[in-house]
Amino acid sequence: MVVNVLGIETSCDETSASVLTSDFEILSNVVLSQDKIHAPYGGVVPELASRQHLTSVSYVVQECLMRAQLKLEEISAYAVTQGPGLIGSLLVGLSFAKGLAYYFEKPLIGIDHLEAHIESAFLETREIPFPVLALVVSGGHTSTFFMRKKLDYKLIGRTRDDAAGEALDKIAKFLDLGYPGGPIIDKQAEKGNPRKFSFAVPHMTDGSLDFSFSGLKTAALKQIKEHKISRRHPLLFDFLASFEMAVIKTLLANLAQAIKLFKPKSLILCGGVARNKKLRKHFAEFGQKRSLSFFIPSPVFCTDNAAMVAALGLEKLKSKKKFSFPLGLNAYPRFASFQPFSAQKK
Ligand code: KG4
Ligand code: ZN
């Protein structure tokens, strides 16, 4: 039987739709970015994001079906991001998918955005040795998951304040470099010396595997003021390279601690910040040094996209015999309850 899963992603500022076949072949993956809409504000404006999703979602799904050369009647199941994310934005995609699933009487599968980011690594490599430690680094999240097997996600650490991408975006905004700041810092830092400015790598004193980036951000703002760094300052590239390296070191120091405790066979790096060239390089060296398998999705699958949503939907569909179209499915803006690692039993 031919199975085509349509994925829809509207959790933040990308409207995306994708169709995958039952053997995980991507027939199409359309991503419409709202960067230009939010750029004047230096960050995502939730109300503008949800309105734009409302305008775009139907067009993006139509474009996705056209590229896949499929009709809606040929879609076997719908997968849609349920959360975490911006509630108004999530509701647009979720309601749209609900309508389609209800009309065509097809299964509707709610997808967790962070689990979908992890799935993006499996899009290109189906066989990843378990157990896995997955680091999700994006604009809204910095979280570590332990997976004993497929579809089994245990959140073992997350940021207590800013996400890594958010810290990069905020520093770029402060220096008036443009939006989103992550890719701009990635490019400009290439021309700088990462050892020019020193930053202390933050770590949790309570033994948890959580992250914190607000201290690093405050230290960066202090250095900006002290050295009068501006977008035209001769030390700008050195400053950005040093700050970027501090973020990378923070991520990898935390991962090193998690490896000691969880002893994984493989590592996954995913989420928008995983596009960062220096992070990709250091993560690869980190894995090689420890003789661990490591997987980083191609850049196009790191930032928000619906292919990862459809892939996880397909995986869930295959793992269950029966699926319904639960119209009660609701969006959730943030994680369900989470106990810091030190307080839980492994
Ligand atoms: O996963 P994503 O598309 O959305 C969320 O789920 O948040 O991630 C967006 C984040 C933004 O903070 C953006 O600045 C960052 O990913 N980003 C990068 C790069 N490309 C995107 N950060 C560093 N280097 C990049 N090349
Ligand atoms: Zn994301």
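Every read-out reported here was derived from the displayed coordinates using simple, explicitly stated rules and does not represent laboratory data. Note that the coordinates shown come from a computational prediction; the quantities given were computed from them, not determined experimentally. With ideal geometry, Cβ positions are generated from the backbone for all residues, glycine too; neighbour counts draw on all protein chains shown.
Prolate is the label for segment 148-266. Its Cα gyration tensor axes, ordered a ≥ b ≥ c, give a/c of at least 1.5 and a/b above b/c.
A viscosity of 1.306 mPa s and a temperature of 10 °C, combined with the Kirkwood radius over C-alpha pairs in the Stokes-Einstein formula, give segment 1-92 a diffusion coefficient of 117 µm²/s.
Highest mean packing first, where packing is the average number of other Cβ atoms within 10 Å per residue, the peptides 245-253, 119-127 line up as 245-253, 119-127. Charged side chains reduced to their Cβ positions (Lys and Arg at +1, Asp and Glu at -1) give the chain a dipole of some 1180 debye around its Cα centre. Sites listed here are GluC sites (Glu not before Pro) in segment 1-106 whose DSSP assignment is loop and whose Cβ has at most 16 other Cβ atoms within 10 Å: E25, E105. Say we join alpha carbon atoms closer than 10 Å with springs in a Gaussian network model of the chain; which of A101, A274, A79 then has the biggest fluctuation? Of A101, A274, A79, the most mobile in the Gaussian network model is A101. Near L155, once Lys and Arg are set to +1 and Asp and Glu to -1 for all other residues with Cβ below 11 Å from its Cβ, the sum equals -1. Of the trypsin sites (Lys or Arg not before Pro) found in segment 1-93, the ones in coil according to DSSP and having at most 10 other Cβ atoms within 10 Å of their Cβ are K71.
Mind running the shape call on segment 97-142? Use the C-alpha gyration tensor, a ≥ b ≥ c as the square roots of the eigenvalues: rounded below 1.5 for a/c, prolate if a/b tops b/c, oblate otherwise. Could you put the intermediate results ahead of the total?
Numbers: a/c = 3.54, a/b = 1.80, b/c = 1.97.
The shape class here is oblate.
Distance between the 7 Å Cα→Cβ label points at S230 and D152: 5.7 nm.
Using the Cα gyration tensor of segment 248-300, with a ≥ b ≥ c the square roots of its eigenvalues, what is the shape: rounded (a/c below 1.5), prolate (a/b larger than b/c) or oblate (neither)? Each step should come with its number before you reach the end.
Details: a/c = 1.82, a/b = 1.53, b/c = 1.19.
Because a/c hits 1.5 or more and a/b exceeds b/c, segment 248-300 counts as prolate.
Here is the P(r) of the chain: all C-alpha pair distances, binned every 20 Å from 0, give 31, 57, 12, 0 in whole percents.
Can you compute log10 of I(q)/I(0) for segment 67-212 with the Debye formula, treating each Cα as one identical point scatterer, at q = 0.13, 0.19, 0.22 Å⁻¹? Log10 of I(q)/I(0), two decimals: -0.84, -1.27, -1.35.
Shown here for segment 137-166: chymotrypsin sites (Phe, Trp or Tyr not before Pro) in loop regions (DSSP other than H, G, I, E, B) with at most 14 other Cβ atoms within 10 Å, of which there are none. Once the Cα atoms are used to define both axes, helix 307-319 deviates from the longest principal axis of the chain by about 50 degrees. How far is helix 214-226 tilted off the main Cα axis of the chain, in degrees rounded to 10, range 0 to 90? With both axes taken from Cα atoms, the answer is about 40 degrees. Evaluating 6.51 cos²θ - 1.76 cosθ + 1.60 at θ = phi - 60° for every residue in segment 31-36, the Karplus couplings come out as 10, 10, 8, 9, 3, 5 Hz, glycine and proline recorded as x. For the residue pairs K196/K289; K150/K316; K191/K277; K98/K316; K149/K265, the alpha carbons lie more than 21 Å apart in K196/K289. For the chain, the longest principal axis of the C-alpha atoms and the axis of helix 87-104 are separated by about 20°.
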